[in-house]
1. Which far-off residues, 5 or more places away or on another chain, put their amide H under 5 Å from the one on residue A:275, with H placed in the peptide plane?
2. What are the extents of the Cα atoms of the stretch A:53-127 along their three principal axes, in Å, largest first?
3. List the residues, sorted by chain then number, that are 5 or more residues from residue B:23 or on another chain and whose placed amide H is less than 5 Å from its amide H.
4. Above 44 Å lies some portion of the pair distances; for the protein assembly as shown, what is it as a whole percent of all C-alpha pairs?
5. Along Cα→Cβ, 7 Å out, is where each label goes; now give me the distance between the ones at residue A:398 and residue A:145 in nm to one decimal.
6. Residues in the stretch A:114-138 near a label at residue A:66, defined as backbone nitrogen under 13 Å from the 7 Å Cα→Cβ point?
7. Can you pull the one-decimal nm distance between simple spin-label points at residue A:422 and residue A:257, each 7 Å off the Cα toward Cβ?
8. Can you compute the FRET efficiency between residue B:118 and residue B:194 using 1/(1 + (r/R0)^6), with r the Cβ-Cβ distance and R0 = 60 Å? Round to the nearest 0.05.
Amino acid sequence: MPVPVLFMFLPLALAPVIYFLQARRNIALGLATATPLLLLILILGLPLDQPLALFGGVQLESTFTLLGRVFAIDAVNRLALAFVFSQATVLCAATYLAPSGRFYLPAGTAVLGLLAAALFVRPFLFAALFLQMATALSVFMLADEGHPTLRGAFRHLVFATMGMPFILVTGWVLENTGNASDFIPRATVLLGIGFAVLMAVAPFHSWVPEVAENSAPLAAAFVFTVHRYVIVFLYLNFLNTYDWLRLNEDFAYALTLAGGGMALLGALLVFSQRNFGRSMGYAMLIDIGALLLALGLNTAAGVEAALSTLAMRGLALPLWAVGLAHLRQASGSDDFDAVQGVARQYPMASVAVVTGLLSLVGFPLTAGFPARWALLSLLAEIHPTGAIFLLVGMVSVAFVCARGLARLLQPRPEQAVGFLEQRLAVGAYSVGFTVILSLGLAPQWLLPTIARAAAVFVNLAR
Amino acid sequence: MDVGGGVIAVAFVPIMNELLLTLATPVLVVVLITASLLVITNDWRLNFITLAVQYVGAALLIAPLVTWPVMGARLIAGGCVIGIFVFTGRQVNYGRQAASPLPGLTNLPALIFPTSFAFRLMATIMIAAVAGYAASLPELALPNLPLTLNIASFALIALGLLNLGFTEEPMNAGLGLLTALTGFNLFYPALETSLAVVALLVAVDFSVALAVSHLALLRYPVSPTTNSTETNA
C-alpha cells in the first residue's frame with residue numbers, strides 16, 4: 001500500500017466533509033483537529049518499506065506513482081510534515097477558542113494534502129505547482145464575509161503564481177543545459193527569484209502586513225507558519241541536493257543581504273505602527289530576515305538556527321492569533337485607539353498578543369529568545385551588521401508592544417470593570433504562557449531536539 | 001475500426017499541423033488583441049468573451065508542438081475557467097449596478113471603458129512592442145520554439161502583469177493573472193511534455209479561477225437590492 005496517497009488524499013477527501021459538517025460545530029472542529037493529529041502520528045511512527053506482521057505481512061510503500069511522477073516519503077519530508085501537521089493541529093484546535101471564517105477548517109485541511117504532495121513530488125521542482133494550488137485554496141481562509149478586505153489575500157495569490165514559473169523553469173534549465181558553466185548562473189538566478197517571491201522577500205512582501213491586519217488571525221497564522229514551513233524545507237532540500245547551489249558563496253551572500261534588508265525594513269516599518277495585526281505583519285518581515293540570515297550562513301549551525309526560528313514562530317503565532325481574535329471581538333478592531341482599556345476586561349488576551357509579538361522577534365525571557373540568541377552569536381562572528389539589524393528589529397517591536405500595552409491598560413471613561421474572559425480561554429492562555437516562558441528560561445527542553453533533527457539534511461550537516 | 005481511425009489520424013494530423021503553422025501569424029495577432037483588450041477594458045462580459053478567444057488562440061498556437069490530448073486539455077481547462085467566471089458574473093451582475101428588481105429588465109449599461117483609457121492603450125502598445133522585440137532577440141528567446149510562440153508568450157506574460165499593475169479589482173486583476181499564466185503555459189508544456197505537468201498546470205488555472213471568483217463574490221454583493229456600484233475602473 002503506497003503511504004503517500006494517505007497523506008495527500010485523506011485531507012483532500014475530508015475537507016468537503018468538514019465544510020458540510022459546520023452546522024455541527026463540535027464534530028467539524030473535532031474532525032479538523034484529529035486529521036492533522038492522526039497524520040502527525042503516522043508520519044512519525046509508520047514503518048515504511050518493511051512487511052508488517054500485525055497486518056499479515058502487508059508492506060507500506062514509501063513511493064507512489066501518478067501520471068508518471070513519483071511521490072516519495074523520505075527523512076527530509078517526514079521532518080517537514082512533522083512541523084506542518086503539529087502546527088496545523090494546534091491551529092485547528094485553537095478554533096475552539098477563537099473565531100475563524102467558515103472556510104478556515106475545510107480549506108486548511110485541504111491545503112495540508114496539497115502541501116504533503118508538494119513535499120513528496122519528485123523531482124521536487126514540481127512542488128511549485130502544488131504550492132500554488134495550496135495558496136489559491138488559502139485565499140478562501142484569508143478572505144471571507146467576516147474579513148472582506150481582499151488586498152492581502154489577492155496579493156498572496158499573485159505572488160505565489162508569479163513565483164511558480166521561476167521554480168519550474170529552473171528544473172527545465174537543470175535538465176536540458178549540458179554545460180555546467182552555462183546552467184549554474186541561469187539556474188541560480190531563476191531559483192533565487194522564485195524563492196524570493198515565495199518567501200515574501202521585499203519587494204514581494206506587501207501581502208504579509210495586509211494579511212496580518214485584515215484576515216482572521218488564525219488564518220494569517222496558518223499561512224505564516226504551515227505554508228512557510230514547506231517553502232523553507234523545499235529550499236533546504238535544494239541546498240541539500242545540489243552542490244552547485246550549496247557551494248555558491250555569492251548565493252549565500254545574496255541571502256545574507258536579503259535577510260539583513262528584511263530585518264531592517266521590518267524594524268523601520270513596525271516602529272510607527274498603531275495596530276496589533278499590522279505590527280505582527282512587520283514583525284514577520286523581521287523573522288523572515290532572521291531566517292534568511294540563518295540560511296545565508298551556509299553552515300550546519302545556520303540550518304539548526306533556521307529550523308529553531310521556524311519552530312519558535314510556530315509557538316508564538318497561535319498565542320498571538322487567539323489573543324488578537326479576542327481583542328477584535330471585544331473592541332471591533334485591533335487599532336491601538338480602539339483597544340483602549342480592553343486589558344482591564346481581557347488581561348490574558350492582551351498579554352497573549354504582546355507576548356506572541358515579543359516571542360516572534362526573540363525578546364529575552366520568551367521562547368524565541370534562545371534561538372535568536374544563538375543566531376545572533378553566529379552572525380556576530382561573520383555578519384555583525386545582520387546581527388545589529390535583528391537587534392534593532394527586536395527593540396523596535398518592543399517599543400510598539402510597550403505603546404500598545406499602555407493603550408490596552410489605559411481605562412476608558414465610564415468603562416465597566418470586570419473580568420470577561422472565558423474559563424476555557426484562561427486555561428489555554430495559561431498553557432501558552434507557561435510554554436513560552438518555560439522555553440525562554442529552559443531552552444534545553446526543545447532546541448537540542450530541533451538541532452538533532454537538522455541532521456536529516458545530510459549534506460548540510462557536514 | 002481502430003485501423004481505419006489510425007489511418008485517418010495519421011493522414012489528418014500532419015495536414016492540421018501544416019494548416020495551424022500557416023495560420024500561426026493571424027492567430028498570434030488575435031491572441032495579442034485579446035491580451036490588449038483585457039488591459040484596456042474593464043467590462044466583465046467583454047472580458048470573458050475575450051479570454052475565451054484567447055484560450056482558443058493559445059491552444060491553436062501550441063497545437064503543432066504538443067499532442068492533441070494536451071491541446072484538448074488546455075481547451076477544456078479554458079472552458080471551465082470561463083464557466084466559473086460567467087457563473088460568478090451572473091451572481092454579482094457582472095460587477096455593475098444591481099440588477100433591476102423588475103423582471104425582464106437587465107439594467108446593464110453600455111460597455112465600460114476605464115477613465116484612463118488613453119493611458120492604458122499607450123502602455124499596452126508599448127509593452128506589446130517591447131515584448132515582441134525581446135522575443136525576437138536570440139539571447140532572450142526561448143530555445144527550440146517558433147518565433148510566433150515566443151512573441152505570444154512574452155507578450156501575454158507582459159500584458160498580464162501590466163493588467164495586474166493597473167487594477168486590484170479581483171476579477172479584472174485575476175484575468176490579468178490568468179493571461180500571464182496562459183503566456184507561461186504557451187511555452188512550458190512544449191518544454192516539459194509529461195502528462196502530469198499538463199494536468200497540474202490545468203489544475204493551477206482552475207484553482208486561480210476559483211480563488212478569483214471567491215474574491216469577486218466577496219467584493220460585489222450578491223443581493224439584487226444592494227446598490228453597490230463599486231467602480232471597477
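The values are calculated or read from the model by the stated rules, or taken from the named source; none is laboratory data. Here the structure is a predicted model, which means the values were calculated and not measured. We place every Cβ from the backbone using ideal geometry, glycine too, and count neighbours over all the protein chains shown. Heavy atoms of the whole protein, side chains included, go into the accessibility calculation; ligands, DNA and RNA do not. Shrake-Rupley method; radii C 1.70, N 1.55, O 1.52, S 1.80 Å.
1. A:336
2. 43, 36, 21 Å, listed from the longest principal axis down.
3. Residues meeting the amide H criterion: none.
4. Numbers: 58904 of 241165 pairs.
Roughly 24 percent, once rounded to a whole number.
5. In this crude spin-label approximation the distance works out to 4.5 nm.
6. Once the point is set 7 Å along Cα→Cβ of residue A:66, A:114-122, A:127, A:129-131, A:133-134 turn out to lie under 13 Å by backbone N, inside the stretch A:114-138.
7. 5.1 nm
8. Numbers: r = 45 Å, r/R0 = 0.75.
Given R0 = 60 Å and the Cβ-Cβ separation, E is 0.85.
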